[in-house]
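Let me begin by presenting the structure, written as structure tokens, before commenting on it.
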Amino acid sequence: MSAVRTQWASPVCLHFPRFSTRSVKIAVCLKFPATVKTLLLKQSCALTRHSTRLLNPPHSLSMSFSSSRCMGGSYAEIVVVRHGETEWNADGRIQGHLDVELNEAGKQQAALVADRLSKEPKISAVYSSDLKRALVTAETIAAKCGGLEVITDPDLRERNLGELQGLVFREAAKLSPKAHKAFLSHRTDQDIPGGGESLDHLFQRCTSSLQRIGNKHKGERVVVVSHGGVIRSLYKRACPNGKSGGKVLNTSVNIFHLCDKEWTIKSWGDVSHLQQTGYLESGFGGDKTSG
């Protein structure tokens, strides 16, 4: 499978007005009656998929709503970034826990997202999965954002996909039919043959990791570099009743606000920094083929 890229991504954005990247971002915490708040939260979790190429770079700044107890900087702003592209992403090969390195496009993507984040509000800490594709992306960001030391956490690893790991996805049904069937199962407690994880297990470990980070960094802005399957699980935690978050593109920027155990999404799927490199059009590994 060849790597097909386009200049601009087709991001998933929340249903609120978009603003220029030069706009001033003001954190606002509002308190609404329960019925109004429920409606607004449902709207913030209703995501739109764009199938056409954008003529201008996307600016996925969106409003979020949280309770008044988040006033005074008592929440953590966590910038969750998917790792840069790998050759296996480009080939449509399932990675899971296998340690695949960034390709040249992935290294360029990492440099671009690092440059972008270095120009935004101060980063206090950088966390990462311990797999190379995430760790090298995180190290690139950390070096550009004040020379921070990357803190690794295995709980931020991609989903273990057992026997499917290393297979080209389009050949998996033929080469490992039982594992492929388990992977496509709608049961969230379905393990993958060969030591693979269920979606429930992935959800528990990665959301627990982000919660620990949020508890430790209230009032701060931190970066977490992880994987497509993990980020989709984090989205589900923040928007349990929302539609699918769609493809999680390589080095996309997804901003979460954690106020104790309440999670909200400030922005989603922003790849406006990929002007020079573009992105892998298939979004492989960041969609339903996460791994």
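The values are calculated or read from the model by the stated rules, or taken from the named source; none is laboratory data. Everything quoted here is computed from the prediction, not taken from an experiment. Note that we place each Cβ from the backbone using ideal geometry, even for glycine, and neighbour counts take in every protein chain shown. Keep in mind that these areas ignore ligands, DNA and RNA; they rest on the heavy atoms of the full protein, side chains included. Shrake-Rupley method; radii C 1.70, N 1.55, O 1.52, S 1.80 Å.
Whether any residue in region 125-137 is hydroxyl-bearing (Ser, Thr, Tyr), open to solvent by 10 Å² or more (accessible area, probe 1.4 Å) and assigned to a helix (DSSP H, G or I) is what I want to check.
no
Out of all the residues in region 157-170, is one or more among the aliphatic types (A, V, I, L, M), farther than 25 Å from VAL80 by Cβ and either outside any strand (DSSP E or B) or open to solvent by 70 Å² or more (accessible area, probe 1.4 Å) (or both)?
yes
Working carefully through the options LYS243, LYS247, LYS218, find the one that is buried (at least 24 other Cβ atoms within 10 Å of the Cβ) and part of a loop (DSSP other than H, G, I, E, B).
Just one listed residue meets the conditions, LYS247.
Can you tell me which of ARG237, ARG232, ARG205, ARG212 is of a type in the set (D, E, K, R), in contact with an Asp or Glu (Cβ under 8 Å, 6 or more places away or on another chain) and open to solvent by 10 Å² or more (accessible area, probe 1.4 Å)?
ARG205
Pairs needed: first member in region 138-153, in contact (Cβ under 8 Å) with a residue 12 or more places away in the chain; second member anywhere, charged (D, E, K, R) and crowded, with 18+ Cβ neighbours inside 10 Å; C-beta distance under 6 Å; at least 6 residues apart or different chains.
These pairs meet every condition: VAL150/GLU139.
If you go through region 102-124, how many residues are under 18 Å from ALA90 (Cα atoms) and either within 16 Å of the chain's Cα centre (by Cα) or open to solvent by 50 Å² or more (accessible area, probe 1.4 Å) (or both)?
6
Considering only residues that are in contact with a Lys or Arg (Cβ under 7 Å, 6 or more places away or on another chain) and among the small types (Gly, Ala, Ser), which ones fall in region 113-130?
Hits for region 113-130 are ALA114, SER118, SER124, SER129.
Within region 81-110, track down each residue that is in a loop (DSSP other than H, G, I, E, B) and among the β-branched types (Val, Ile, Thr).
Matches in region 81-110: ILE94, VAL100.
Do we have any residue at all in region 272-279 that's of a type outside the set (A, V, I, L, M), assigned to a loop (DSSP other than H, G, I, E, B), more than 30 Å from LEU184 (Cβ to Cβ) and at pLDDT 90 or above?
Scanning region 272-279, I find at least one residue that is of a type outside the set (A, V, I, L, M), assigned to a loop (DSSP other than H, G, I, E, B), more than 30 Å from LEU184 (Cβ to Cβ) and at pLDDT 90 or above, so the answer is yes.
Can you pull out the residues in region 81-90 that are open to solvent by less than 50 Å² (accessible area, probe 1.4 Å) and closer than 27 Å to LEU175 by Cβ?
Across region 81-90, the qualifying residues are ARG82, HIS83, GLU85, THR86, ASN89, ALA90.
Hey, does region 270-281 have a residue that's on the phi > 0 side of the Ramachandran plot, crowded, with 24+ Cβ neighbours inside 10 Å and not acidic (Asp, Glu)?
no
Which of (1) aliphatic (A, V, I, L, M); (2) in contact with a His (Cβ under 9 Å, 6 or more places away or on another chain); (3) part of a helix (DSSP H, G or I) does ILE231 not meet, given it meets every other one?
(2)
Let's see how each residue does on (1) closer than 13 Å to ARG82 by Cβ; (2) at pLDDT 95 or above; (3) under 16 Å from the mean Cα position of the chain (by Cα); (4) part of a helix (DSSP H, G or I):
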site	(1), (2), (3), (4)
LYS174	no, yes, no, yes
ALA179	no, yes, no, yes
ARG187	no, yes, no, no
GLY194	no, yes, no, no
ARG205	no, yes, yes, yes
ARG212	no, yes, no, yes
VAL222	no, yes, yes, no
LYS236	no, yes, yes, yes
SER267	no, yes, yes, no
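Does VAL113 satisfy the condition of being of a type outside the set (D, E, K, R) and not in a loop (DSSP other than H, G, I, E, B)? Give the derivation first.
Details: of a type outside the set (D, E, K, R): yes; not in a loop (DSSP other than H, G, I, E, B): yes.
Judged against the criteria, VAL113 is a match.
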